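J.: This is the structure I have questions about; it appears just below.
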C-alpha cells in the first residue's frame, strides 16, 4: 500500500478545494510507484462538488494513469449494494454541513439514510483523539434511531475493523466501514476472490 497525503488539516472549504487541486499530481505519484489501483480517500472530497463531479474526477484519474480508480465513498456505496443495503444508519465524525453532503450523496445513490449521528469534529486528527468506543456508540445510536435500517455505515478515518463483527452480531445487519470497503474494492479489482473471516459480512460474502 502506497499513500500520498493531500494534507487536509481542517474540515474547511478552502482546505478541500486545495486538496482537490493536488489530486492529479498525487495520482501520478502512485502510478510512478507502480500501484495497481487508486483510491481517493476522504468523504468531504468526494462530496465537495456533488456526485456528478466526483464521477468526472474518477474518470480523469483513470484517463491520466490508466489505473482503476475510485473514491472511498464510491467504494462504500458499492459495498452496500453488494450486501443489498438500501436503508442505512450512519455514524460519522463530521460537522453538520459535511454530513448533509454525505446524506445527499447517499440518497442520490438510491440509499436512504434512516438516521445519522456524529461527534462533529473540526479537524481530521481529532477523530483519533476521541475515546475508542466513540464510533461504536454513534453507530448504535444511529441504528436505534433509524427505524427500518437494513445496514449500518461507519464513515471516517476511525480504526473500527475490530468492531465490525461484534456490531453485526448485535444488530443482525451488515456493517460497512470506510477502510474495510476500500480494501474490499481494491482486492476485488486486483483479482482477489477468496472469502476472508474476521472482517464482517462484506469480506465473508462479498467475493
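J.: May I ask you to list the residues in the stretch 145-169 that are assigned to a loop (DSSP other than H, G, I, E, B), within 19 Å of residue 119 (Cβ to Cβ) and touching a strand residue (DSSP E or B) at 6+ places or on another chain (Cβ under 6 Å)?
T.: First, pick out the residues of the stretch 145-169 that are assigned to a loop (DSSP other than H, G, I, E, B): 146-150, 155-160.
Retained after the next criterion (residues that are within 19 Å of residue 119 (Cβ to Cβ)): 146, 155-160.
The answer is 146, 155, 156, 160.
J.: Okay, moving on. Could you go through the stretch 75-86 and let me know if any residue there is modelled with pLDDT under 95 and in a helix (DSSP H, G or I).
T.: Kept after step one, since they are modelled with pLDDT under 95, are these residues of the stretch 75-86: none.
No, the stretch 75-86 has no match at all.
J.: A further question on this structure: Hey, could you check the stretch 176-200 for residues that are in a helix (DSSP H, G or I) and out of contact with any strand residue (DSSP E or B) (no Cβ under 8 Å at 6 or more places or on another chain) and say which is surrounded by the most Cβ atoms within 10 Å (Cβ to Cβ)?
T.: Keep residues of the stretch 176-200 that are in a helix (DSSP H, G or I), which gives 178-189.
Still in the list and also out of contact with any strand residue (DSSP E or B) (no Cβ under 8 Å at 6 or more places or on another chain): 179-181, 183-184, 187-189.
Working: 179: 18, 180: 22, 181: 28, 183: 20, 184: 24, 187: 17, 188: 17, 189: 17.
Among those residues, the one meeting the criterion is 181.
J.: Within the stretch 117-136, is there a residue that is over 27 Å from residue 3 (Cβ atoms), part of a strand (DSSP E or B) and in contact (Cβ under 8 Å) with a residue 12 or more places away in the chain?
T.: Checked against the condition, which is being over 27 Å from residue 3 (Cβ atoms), part of a strand (DSSP E or B) and in contact (Cβ under 8 Å) with a residue 12 or more places away in the chain, the stretch 117-136 yields at least one hit.
J.: Give me the pairs: first residue in the stretch 8-32 and more than 15 Å from residue 124 (Cβ to Cβ), second residue surrounded by fewer than 14 Cβ atoms within 10 Å (Cβ to Cβ), beta-carbon distance under 7 Å, and six or more apart or on different chains, which are they?
T.: Going by the 7 Å Cβ cut-off, the qualifying pairs are 30/2.
J.: Tell me which of these residue 58 doesn't satisfy, since it passes every other one: (1) within 30 Å of residue 120 (Cβ to Cβ); (2) not in a helix (DSSP H, G or I).
T.: All conditions pass for residue 58, except number (2).
J.: Further question: Being at pLDDT 85 or above, in contact with a strand residue (DSSP E or B) (Cβ under 7 Å, 6 or more places away or on another chain) and surrounded by 13 or more Cβ atoms within 10 Å (Cβ to Cβ) narrows it down to one residue among 23, 39; which is it?
T.: Details: 23 fails: at pLDDT 85 or above.
Answer to the selection: 39.
The values are calculated or read from the model by the stated rules, or taken from the named source; none is laboratory data. What you are looking at is a predicted structure, and each value in this text was computed from that prediction instead of being measured. In this analysis, Cβ positions are derived from the backbone assuming ideal geometry, glycine residues included, and neighbour counts consider all displayed protein chains.
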